[in-house]
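The values are calculated or read from the model by the stated rules, or taken from the named source; none is laboratory data. The shown structure was predicted, so the numbers you read here are calculated from the model rather than taken from an experiment. Positions of Cβ are backbone-derived with ideal geometry, glycine not excepted, and every protein chain shown enters the neighbour counts.
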Amino acid sequence: MPRRVLFIAALHHPDELVQDQARAPAGEKPLFPRSMGQHYWERAFQAAGYELDVFWRNLPGYGRRDISRLSTAVYRNRWTPGRVTVALQRRIPPRLQPDLRRRNQLLLKQAARFQPDIIWLSGDNREIFPDTLARLKRAHNCKIIYVTGVSPIVFSQPIERAAARLYDLVLVNDFYHGVQWLELGARRMECLPYVAIDPAVHRPQPITKVPADYLCDVGFVGTLLPNNLYSERVAALESLRDFDLGIWSMHEAPPSLRRFQRGSALGRSMMQVLSSVKISINTHGDFMRYGGNMRLFESAALGAFQIVDDRPGVHEWFRVGEHLVTYSDHDDLREKVRYYLAHDEERLRIAAAARAHVLANHRYDQRLARVEAVLAN
């Protein structure tokens, strides 16, 4: 099997990566922060003996290519100078932007040094041109794996769609998204889903000495804005406002839920929150009709009891009633929250079964073995 993987990704949480690198043992320097799913693929690849490198496509092309030049983007439901600047910049075709042309040149040079066998291209690519990917394939005879958790109909960029025929494999969470990428010309898709758990990292956290804010009956961790992408999620949480509800998001919450927001939860804090709440609410984004978000597996590994919106993929990967519970509408959700808050033993039994299930069946090393088998085919 190929042994060199070059990640092409956008760094979303630079502060988290700086902290994770500072905590890492001598001689170890993680490429991704643990708040990003790529971190766990990085660990799986390393354990399997691969050589890894990363190209941060959202770093400026000119000047120092240093992650300290980046900042975490926080979504607010209003126009800010930063959003205006980004919106105006995105109206300029990518090829007419000198900085983006420079980033593509730097990627080609880095690949020439590293000689990748696999290009692991993360979704929402706004920077890397299709002809750059074509040159990488010709120069290095490498495979391109495109990895995305969102719908190409809703989210993808023109340069992503234009490059679809260059993708040897598209990894998706939601099966329907994969079909859409095939229609755009991708050679093959796999709905693994590409998110999973790492037993060495995703472990229930003790709740004996945690801040009081972490302890609540019903908790949610994730994104709530913009409303056109997360309206079902927002409506589900709005139906629970008379419960002891806690919300953690690095982005702004809508006005109807703002008083329940208790901060952000990334990496270690996310694991602590999900280990501490009695019930974790997991409503998928409006664009995930099949299901399979990252939290579905992480919550289970962290020993959290989940109530999830009813999606086809949930039934494929879990046994409903044994590993988690689904809801059909808001009345059903409220009834089940009330029931399981009153039945601690049953709630804890289901959470324990979910943890055992993902440890046995949904690990990143198993996902990697599947990817290897597909590429070998």
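A few remarks follow.
- Evaluating ALA300 against the criteria (1) closer than 21 Å to VAL234 by Cβ; (2) under 16 Å from the mean Cα position of the chain (by Cα); (3) among the aliphatic types (A, V, I, L, M) leaves one unmet condition, (1).
- Cβ pairs under 6 Å, 6+ apart, first in segment 25-43 and free of Cβ contacts under 8 Å to residues at least 40 places away in the same chain, second among the charged types (D, E, K, R) and part of a helix (DSSP H, G or I): PRO30/ASP20; LEU31/GLU42; PHE32/GLU42
- Criterion applied to VAL320, VAL358 was being touching a residue at least 24 places away in the same chain (Cβ under 8 Å) and in contact with a strand residue (DSSP E or B) (Cβ under 8 Å, 6 or more places away or on another chain), and the one residue passing it is VAL358.
Residues are listed down the side, and each one gets a yes or a no for (1) at pLDDT 95 or above; (2) closer than 18 Å to GLU372 by Cβ; (3) in contact with a Leu (Cβ under 8 Å, 6 or more places away or on another chain):
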residue: TRP120; (1), (2), (3): yes, yes, yes
residue: ASN125; (1), (2), (3): yes, no, no
residue: THR132; (1), (2), (3): yes, no, yes
residue: ILE144; (1), (2), (3): yes, yes, yes
residue: THR148; (1), (2), (3): yes, no, yes
residue: ALA163; (1), (2), (3): yes, no, yes
residue: LEU166; (1), (2), (3): yes, no, yes
residue: TYR176; (1), (2), (3): yes, no, no
residue: GLU183; (1), (2), (3): yes, no, no
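- Criterion applied to ARG355, ARG338 was being over 19 Å from the mean Cα position of the chain (by Cα) and either of a type in the set (Phe, Trp, Tyr) or over 29 Å from GLU42 (Cβ atoms) (or both), and the one residue passing it is ARG338.
- The requirement of being over 26 Å from HIS357 (Cα atoms), in the same structural domain as PHE305 (by TED's automatic domain parsing) and not β-branched (Val, Ile, Thr) is fulfilled somewhere in segment 264-277, by at least one residue.
- Qualifying residue in segment 221-243 (condition: in contact with a strand residue (DSSP E or B) (Cβ under 8 Å, 6 or more places away or on another chain), among the acidic types (Asp, Glu) and crowded, with 20+ Cβ neighbours inside 10 Å): no
- All conditions but one from (1) in contact (Cβ under 8 Å) with a residue 60 or more places away in the chain; (2) surrounded by 19 or more Cβ atoms within 10 Å (Cβ to Cβ); (3) more than 17 Å from ARG4 (Cβ to Cβ) apply to PHE129; the one that does not is (1).
- Qualifying residue in segment 258-276 (condition: outside any helix (DSSP H, G or I), of a type in the set (Gly, Ala, Ser) and free of Cβ contacts under 8 Å to residues at least 40 places away in the same chain): yes
- Test: residue in segment 328-335 that is among the hydroxyl-bearing types (Ser, Thr, Tyr), modelled with pLDDT of 95 or more and not in a loop (DSSP other than H, G, I, E, B): no
- Lone qualifier among ALA212, ALA265, ALA196 - being modelled with pLDDT under 95, buried (at least 22 other Cβ atoms within 10 Å of the Cβ), farther than 23 Å from ARG334 by Cα and among the small types (Gly, Ala, Ser): ALA265
- Residues located in segment 19-49, provided they are aliphatic (A, V, I, L, M) and under 19 Å from the mean Cα position of the chain (by Cα): LEU31, MET36, ALA44
- For LEU348: the one exception among (1) closer than 22 Å to LEU240 by Cα; (2) in contact with a Phe, Trp or Tyr (Cβ under 6 Å, 6 or more places away or on another chain): (2)
- Every residue from segment 286-295 that is closer than 16 Å to PRO193 by Cα and touching a helix residue (DSSP H, G or I) at 6+ places or on another chain (Cβ under 7 Å): PHE287, ARG289, TYR290, GLY291, GLY292
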